[in-house]
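First up is the structure itself, then whatever we jot down about it.
The values are calculated or read from the model by the stated rules, or taken from the named source; none is laboratory data. Keep in mind it's a predicted model, so treat the numbers as computed, not measured. Please note: Cβ atoms are built from the backbone with ideal geometry, for glycine as well, and neighbour counts cover all protein chains shown.
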Amino acid sequence: MENTRFTVVIPAHNEEKYIGKCLKAVLSAAKYVRPNSVEIIVVANRCTDRTCEIAESLGAKVLINDDKCISAIRNTGVRAAGGEIVVTVDADSIMTKYSLAEIEEFLESGKYVGGGTNPKFDRMSVGIAFSALYVAINLVPVMIKNGGYLSGAMFWFYKRDFEAIGGFDESLVSLEDMDFASRLKKLGVKRGQRYGTLKKSYVTTSSRKFDEFGDWYLIKNRKLTKRIFTGKDREAADSFYYDVR
């Protein structure tokens, strides 16, 4: 794509229920930046449904990566990106309409190396609220180690900085997002830049994990949750991520 400014990378495993909404949100956000400057890459992972068909019908470029490793899936998309600014968001998440414009503003200021945003669930319950709190508490050591809050949900950065830190760590089968955020933040510290969190924009993400496993699942299965937080437990990651759907 000529004049590409942004590439939005979307990992997708059997996402026919969500991918259309995700892509339409990106297309809506693209209206608030330079015309025809947004490229969308969907990285299809072991899809057996209509994910690819829907993605292509909405103008996305579809790549295939069948690894059971989210880091490898994300890396496939980012490495193929034609844009200098890369945004990666999950297929079951919906960005708000000014997201790309705000990301561009943050990066062009020179104050930020990149960053994330805050998520909102598409539904809430007592179980989901306590589960989110439990996850946050388990991530505190990571935050402390890296000098403060690291937002995730939707990452944004210059492609050149992705390359500078070696991309997402493919030895990790989970928690790759926090690892990437921590290394991106360290790169920024060396340059006198900050790791940012979008102020006006956010993503609405599905509560499907809670729909599938139950709103209290993470609390009731704390041993499994802690295994997932090691980042390298294949069995735990498969049971909660890769072998679902």
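Do we find that Glu15 is over 20 Å from Gly167 (Cα atoms) and crowded, with 17+ Cβ neighbours inside 10 Å in this structure?
Yes; evaluated as a whole, the condition is true for this residue.
Which ones in region 100-130 are of a type in the set (Ser, Thr, Tyr), over 11 Å from Ser207 (Cβ atoms) and in contact (Cβ under 8 Å) with a residue 12 or more places away in the chain?
Tyr112, Thr117
Leu100 - would you say it is closer than 20 Å to Phe210 by Cα and either in contact with a helix residue (DSSP H, G or I) (Cβ under 8 Å, 6 or more places away or on another chain) or of a type in the set (A, V, I, L, M) (or both)?
Considered against the rule, which asks whether it is closer than 20 Å to Phe210 by Cα and either in contact with a helix residue (DSSP H, G or I) (Cβ under 8 Å, 6 or more places away or on another chain) or of a type in the set (A, V, I, L, M) (or both), Leu100 comes out as no.
Does any residue in region 192-217 that is more than 18 Å from Ala153 (Cβ to Cβ) come within less than 8 Å, Cβ to Cβ, of a residue that is part of a strand (DSSP E or B) six or more places away or on a different chain, and which pairs are these?
So the pair list comes out as Gln193/Tyr112; Gln193/Val113.
Of the residues that sit in region 224-239 and are touching a residue at least 40 places away in the same chain (Cβ under 8 Å) and of a type in the set (A, V, I, L, M, F, W, C), which one is surrounded by the fewest Cβ atoms within 10 Å (Cβ to Cβ)?
Result: Phe229.
Looking at region 52-75 only, could you name the residues that are of a type in the set (Val, Ile, Thr) and either part of a strand (DSSP E or B) or touching a Cys at 6+ places or on another chain (Cβ under 6 Å) (or both)?
Val62, Ile64
Determine whether Ser171 is at pLDDT 95 or above and among the small types (Gly, Ala, Ser).
Taking the combined requirement at face value, the residue satisfies it.
With a cut-off of at least 2 residues that are surrounded by fewer than 19 Cβ atoms within 10 Å (Cβ to Cβ) and not acidic (Asp, Glu), name the strands (runs of 3 or more DSSP E) lying wholly within region 76-177.
112-121, 152-158
What are the residues in region 12-32 that are closer than 12 Å to Leu58 by Cα and either among the charged types (D, E, K, R) or not in a helix (DSSP H, G or I) (or both), if any?
Lys21, Lys24
Restricting attention to region 205-223, report how many residues are surrounded by fewer than 18 Cβ atoms within 10 Å (Cβ to Cβ) and either over 17 Å from the mean Cα position of the chain (by Cα) or under 18 Å from Ser151 (Cα atoms) (or both).
The number of residues fulfilling the criteria is 11.
Tell me yes or no: at least one residue of region 31-42 is over 17 Å from Ala101 (Cα atoms), modelled with pLDDT of 95 or more and surrounded by 22 or more Cβ atoms within 10 Å (Cβ to Cβ).
The answer is yes, given that some residue of region 31-42 is over 17 Å from Ala101 (Cα atoms), modelled with pLDDT of 95 or more and surrounded by 22 or more Cβ atoms within 10 Å (Cβ to Cβ).
Restricting to region 52-72, what's the tally of residues that are of a type in the set (Ser, Thr, Tyr) and closer than 25 Å to Leu172 by Cα?
1
Quick one: which of Val142, Val135 is aliphatic (A, V, I, L, M) and touching a helix residue (DSSP H, G or I) at 6+ places or on another chain (Cβ under 6 Å)?
The unique qualifying residue is Val142.
Identify the single condition in (1) assigned to a helix (DSSP H, G or I); (2) farther than 23 Å from Tyr202 by Cα; (3) of a type in the set (Ser, Thr, Tyr) that Thr48 does not satisfy, given that it satisfies every other one.
Going through (1) assigned to a helix (DSSP H, G or I); (2) farther than 23 Å from Tyr202 by Cα; (3) of a type in the set (Ser, Thr, Tyr) one by one, Thr48 breaks only (1).
Restricting the first residue to region 13-25 and requiring it to be without any contact (Cβ under 8 Å) to a residue 60 or more places away in the chain and closer than 23 Å to Phe240 by Cβ, which pairs with a second residue that is among the hydrophobic types (A, V, I, L, M, F, W, C) and not in a helix (DSSP H, G or I) meet a Cβ separation below 9 Å and a spacing of at least six or different chains?
Once the first residue is without any contact (Cβ under 8 Å) to a residue 60 or more places away in the chain and closer than 23 Å to Phe240 by Cβ and sits in region 13-25, its partners that are among the hydrophobic types (A, V, I, L, M, F, W, C) and not in a helix (DSSP H, G or I) give Glu16/Cys47.
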